[in-house]
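The values are calculated or read from the model by the stated rules, or taken from the named source; none is laboratory data. All values derive from a computational prediction rather than experimental measurement. No Cβ is skipped: glycine too gets one built from the backbone with ideal geometry, and neighbour counts run over all protein chains shown. Ligands, DNA and RNA are excluded from the accessible area calculation, which covers all protein heavy atoms including side chains. Shrake-Rupley method; radii C 1.70, N 1.55, O 1.52, S 1.80 Å.
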Amino acid sequence: MNRRISIMRRLRPAVMLAVIMALMPAIGRGDGCLDCHATWEEGAKAPSKLIKFDVHFKAGLGCSDCHGGNPNADDMDVVRKTKGFKGVPKPAEIPQFCASCHSDPVYMVKHNPSLPTDQLEKYKTSVHGMRLFEKGDGKVANCVSCHSVHNIESPLTPTSTVNIQNVPKTCAKCHADTSYMKEYGIPTNQYEEYQKSVHGIALLVNKDNGAPACNSCHGNHGATPPGVTSLGAVCGLCHALVADNFAKSPHKKAFDEAGFPECETCHSNHFVQKPQLNWVGTSDSSLCVRCHAANDGTRGFAVADSIHMALSHLNNAYNRAVGEIDQADQKGMMVTDERFALNDVKQAIIQGANEVHFFDATVVTKTAQDGSAAADKIYNSGQKKISDYYFRRKGLGIATLLITILVIALYFKIRTLEKN
Amino acid sequence: MDNANQDRRGFLNWLIGGGVIAFLGSVLYPVVKYMVPPASGEANVSQVKLPFKLKDLQEDEKHFRIFKFGRTLGIVILTPDNQIRALSAVCTHLDCTVQYRKDLGLIWCACHNGKYDLEGRNISGPPPRPLKQYAVHINKTTGEIIVAEGQG
Amino acid sequence: MIEQKLEPKRVGKGLYTWVDERLKIATLVEYMSHKVVPKHRGSIWYYFGGATLFFFVVQVVTGILLLLYYRPGADSGYESVKFIISEVSFGWLIRAIHSWSANLMILAAFIHMFSVFFTHAYRNPREMTWVSGVLLLGLGLMFGFSGYLLPWNELSFFATRVGTGMAGALPFVGKFLMTVMRGGDDVTGATIGRFFGLHVAILPGLFAVLLSFHLFFIQRQGMSEPLEWEKGAAGPRKYYPFFPNFLMRELLIWLIMLNILAVLAVVFPDGIGVVHWPLGQKADPFAPPPPVIRPEWYFMFAFQALKFMPAHLLSVEGELIGIGVMSLGGLLWMLVPFLARKNMEGQKPILINAFGWVVVIFIITMTIIGYILK
């Protein structure tokens, strides 16, 4: 510890020098604009303060590269009169303002060859872009509404407003604001619902960056709600097997004809929850009975009932097996192998849930039977462990009895020996 | 009186003798049982002999099989260029079991459409990390496949 | 010739004659039959040496059995222990007995040592028995330390890292000692190899030699008689014959201890309280260490005492002084028979008893503090 401190002390001048060297280019660069603006502007959020974090600034672009003007002029009046001076763009001008570089493939390839240059084109197709350009609505999101301004960072940077972890909050800034959204007549509870959904929990709570944020389904620059027909494809990006199964099921045609949005019909959109066993079946709480009734001329009601039976059988078998090995575990027996084998049953449960989307009872029943058989095997193994536990106690009891008899006999032997 | 004493001593000696024998039995029983190796042979260390042969894999329609590797699952694949490759079969996203898709030439996780190439690199979908590769040894004469910890 | 019935007694006698003709053991048996054990208030303490021996024999037997399946190494140690306790029939029992017996052996050895100390049985002519006994205890502790690492689980890994790290604090030889013990800069698979060799080859060899001497001395000199007898203060002296009386009593106690061992092993296969050896997770050198790293209970007093040492004492590192003082204490302890000669001439060896009590109280309080303070 002491040694470490002394090393730090010795290194301190070197560390300070390194910090200064790292800051030097940031201080020295940025044309002459910052010379004045940094002294005029107050607060940490001022452009001249934020600019240090900006990806463009770090790449060597100065204020005048976007805003125009002569950075070396001493007087603002001279700056304003410079040819090409753009000043502060109005919201409606911002997309073009950014696009002057970002939509120019020849320019962009010099700085970031892998970055697309179609953002403006996409933006024009988005609800935001259409309102801005067609209706002149300045309230809709433009580039800086999401990407922030002057401290724009790469989406891969965790602090960026468009990093996947921050996207929901960034969208919610407007979309969850009831008074701001009032005139558009769309709901404002998406963020609230999303936060409680399996996707929101996976992304925001479990920090699983593979989970979808708003833009994973809605797109980003071309942000639009997915239509009824494209919904299956959007969800199918991740839930490929389910989407496949659904496409092969009789529901595909029926939903298309009735104009039901495929997945959303049962799973909702922003508020997607972990599916429950009672969703499929014929009880009052099931989703199937919303459309199907006992004698409605389709097989639906009977199929729903069979699927429910098969899955609840699998579920019970799983719970029974877990209960038994938990009990063995509590008794101090080794059940790591049994716990490992439980993975097979869990896999069968997942597969069964996937296969529900065939809406064909025979497929699910087959999977459920295999899974139940695996679960029963684990249950038996757990039961054996428990009986093994009692066998140990019994063995100990017998050995103790034998030893006790021997001890007593020996005791009497010693007594008779010492009497003589 | 003397006789009774004699009897008692005889009984005591008999009891001690019998007790010793029974006692030795109760000690030796677990010891002998212990010395008989269990069916699973030996502790799985860092390599495992697969419970199927090379031929089984080659004849398998799907060109892959899942196997138990210690406390985890592995996948062994017959690649399009007729190589045998073994990797961890546990998807790095949410621990589902992956499979080989002959039609795509990829390792695929059904849960969230995660994709890995045949080197195990995560190339598409939610998986955050590559799959671990194992070393494969094949006994040419018997066709046994041995998978071991370490790069293939 | 008359048919002779094959009675056990006759067979035994025949066998004895056969051996005696060749090895002349009659004199040895004759010698043994005269051996006696003093009978007095403190006779019970005579049993603890035997108890230690009994636990040692259990250790040898269960240790050999464990060797059938145990495989040393960073990628096999943990796996093979797991295999033993989960798949080999009665493997859990053998491991539990080995662990329980190890702890009880150390406990019995401590009791044996302190009883010898406070009855002053180490006095002339038994100085060599005492010294060999102290050395045997040292080897026993090393057995415990080296065996603890072998399952290569989280608990053992970090305890060993801390333990060997302490040796590294010694002046001049510390770094050398630590590197030699660890087989490298850190605790790795190389360390298991060394500890395994130590545990199953080197220590048993040394232990066997020392133990033979220890037992030979006892056989040669007989049991020590109470100090009061020597001073002529007590009344008539009574003795048990060693064979069969004392031996049978000893057998009786061994049986009871074996039963206690079996009950402990079945009811608490992973130990209980501060004597606890669950297999848990495999050692991961890169994982953060568990919040509480404790040595085994018989090292606790030394561990705690070192923690109490100030960082610096007169510009010397406190831990170093602690180690120095305790090593000196250990050395004095071993040389007690030679240092106490004068003191023994008085009516009561007050000074030596006081030293003993200071040591006992020090060990007990430090151990208790070690478990109470987190």
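Out of residues 5 or more away from C:Y240 or on other chains, whose amide H comes under 5 Å of its own, with H placed 1.01 Å from N in the peptide plane?
Those qualifying (amide H under 5 Å, at least 5 residues apart or on another chain) are C:V37, C:K39.
What residues of the stretch B:104-145 lose no less than 20 Å² of accessible area with every protein chain in place versus their chain by itself (probe 1.4 Å, heavy atoms only)?
Residues shielded by partner chains are B:W108, B:A110, B:C111, B:H112, B:N113, B:P126.
From the square roots a ≥ b ≥ c of the eigenvalues of the alpha-carbon gyration tensor of the stretch A:248-289, which class results: rounded (a/c under 1.5), prolate (a/b over b/c), or oblate? It would help to have the intermediate numbers written out before the result.
Details: a/c = 2.19, a/b = 1.32, b/c = 1.66.
Verdict is oblate for the stretch A:248-289.
Working from the alpha-carbon coordinates of chain A, get Rg over Rh, Rh being the Kirkwood radius. Walk me through the numbers on the way to the answer.
Numbers: Rg = 34.3 Å, Rh = 28.4 Å.
Checking Rg against Rh, the ratio lands at 1.21.
Distance between Cα centroids, the stretch A:43-97 to the stretch B:100-129: provide it in whole Å.
Taking the Cα centre of the stretch B:100-129 as reference, the centre of the stretch A:43-97 is 45 Å away.
Quick one: putting +1 on the C-beta of Lys and Arg, -1 on the C-beta of Asp and Glu, what dipole do you get for the protein assembly as shown around its Cα centre, in Debye to the nearest 20?
3380 debye
If I model a spin label as a point 7 Å beyond the Cα along the Cα-Cβ vector, how far apart are those points for C:V29 and C:T365 in nm?
If labels sit at C:V29 and C:T365, their model points lie 5.7 nm apart.
Checking buried surface per residue: for the stretch A:322-354, which residues lose a minimum of 30 Å² accessible area in the protein assembly relative to the chain alone (1.4 Å probe)?
A:M334, A:T336, A:D337, A:F340, A:Q347, A:I350
Could you run the numbers on buried accessible area between A and C, total for both chains, 1.4 angstrom probe, in Å² to the nearest 100?
Interface area, both chains combined: 1800 Å², rounded to the nearest 100.
Which part of the stretch C:323-342 falls in the paramagnetic zone of C:V316, meaning amide N under 17 Å from the point 7 Å along Cα-to-beta-carbon?
Counting backbone N atoms under 17 Å from the label point, the list is C:323-332.
With θ set to phi - 60° and the Karplus curve 6.51 cos²θ - 1.76 cosθ + 1.60, what are the ³J(HN,Hα) couplings of the stretch A:266-271 in order, to the nearest whole Hz, using x for Gly and Pro?
Values, residue by residue: 9, 9, 6, 9, 7, 9 Hz.
Return the loop-located trypsin sites (Lys or Arg not before Pro) in the stretch B:85-117 (DSSP other than H, G, I, E, B) with at most 16 other Cβ atoms within 10 Å of their own Cβ; answer none if there are none.
Counting only loop positions with at most 16 other Cβ atoms within 10 Å, the trypsin sites (Lys or Arg not before Pro) in the stretch B:85-117 are B:K102.
Please go through the stretch C:227-312 and write out the trypsin sites (Lys or Arg not before Pro) that DSSP classes as loop and that have at most 15 other C-beta atoms within 10 Å.
C:R237
Skipping prolines and chain starts, which residues have an amide H placed within reach, meaning under 5 Å, of the one on B:F69, given they are 5 or more residues away or on another chain?
B:G74
Evaluate the stretch A:300-419: find the radius of gyration of its Cα atoms, find its Kirkwood radius, and give the ratio Rg to Rh. Before the final figure, lay out each step's value.
On the way: Rg = 24.8 Å, Rh = 17.3 Å.
Result for the stretch A:300-419 is an Rg/Rh of 1.43.
How long are the semi-axes of the equivalent ellipsoid of the stretch C:1-119, defined as square roots of 5 times the Cα gyration tensor eigenvalues? Whole Å, largest first. Spell out each step's value before the answer.
Numbers: eigenvalues 305, 161, 31 Å².
In descending order, the three semi-axes are 39, 28, 12 Å.
Round to the nearest 0.05 the FRET efficiency obtained for C:S89 and B:R101 when R0 = 45 Å and r is the Cβ-Cβ distance.
On the way: r = 43 Å, r/R0 = 0.96.
Result of the calculation: an efficiency of 0.55.
Could you list the chymotrypsin sites (Phe, Trp or Tyr not before Pro) in the stretch A:33-94 that lie in coil according to DSSP, counting only those with at most 16 other Cβ atoms within 10 Å of their Cβ?
Here the sparse-neighbourhood loop sites are A:F85.
Beyond a 18 Å Cα-Cα separation, which of these cross-linked pairs lie in this structure: A:K90/A:K135; A:K346/C:K282; A:K331/A:K385; A:K346/B:K132; A:K58/A:K90; A:K58/A:K110?
A:K346/C:K282; A:K346/B:K132; A:K58/A:K90
In chain A, once you exclude exposed trypsin sites (Lys or Arg not before Pro) (DSSP loop, at most 12 other Cβ within 10 angstrom), what's the longest stretch remaining?
Formally, the longest exposed-site-free interval is A:208-420.
So what's the projected area for the stretch C:37-283, the Cα convex hull averaged over all directions, in nm²?
15.3 nm²
Solvent-accessible area per residue for the stretch A:300-419 at a 1.4 Å probe radius, Å²?
Spelled out: the 1.4 Å probe surface of the stretch A:300-419, per residue, equals 50 Å².
What FRET efficiency, computed as 1/(1 + (r/R0)^6) with R0 = 22 Å and r the Cβ-Cβ distance, is obtained for C:I202 and C:L67, rounded to the nearest 0.05?
Using R0 = 22 Å, I get an efficiency of 0.90.
Describe numerically, in nm with one decimal, the distance between label points set 7 Å from Cα along Cα→Cβ at A:S114 and at A:F85.
According to this spin-label approximation, the distance is 4.1 nm.
Calculate, in whole percent, how much of the Cα-Cα pair population of the protein assembly as shown lies beyond 48 Å.
Cα-Cα pairs in the protein assembly as shown separated by more than 48 Å: 52 percent.
Hey, what angle do you get for helix B:2-35 against the long axis of chain B, alpha-carbon based, 0 to 90 degrees rounded to 10?
It works out to around 10 degrees.
Based on the Cβ-Cβ distance of A:N189 and A:A254, what FRET efficiency does E = 1/(1 + (r/R0)^6) give at R0 = 41 Å, to the nearest 0.05?
0.90
Are there DSSP H segments in chain A that both extend 20 Å or more along their axis (alpha-carbon positions) and score a mean Kyte-Doolittle hydropathy of at least 0.0? List them, or say none.
A:2-28, A:361-419
What does the accessible area of A:D104 come to, in Å² to the nearest 10, when a probe of 1.4 Å is used?
Around 60 Å² of this residue is reachable by solvent.
With only alpha-carbon atoms counted, please give the Rg and Dmax of the stretch B:47-148, in Å.
Gyration radius and largest Cα-Cα distance of the stretch B:47-148: 12.9, 41 Å.
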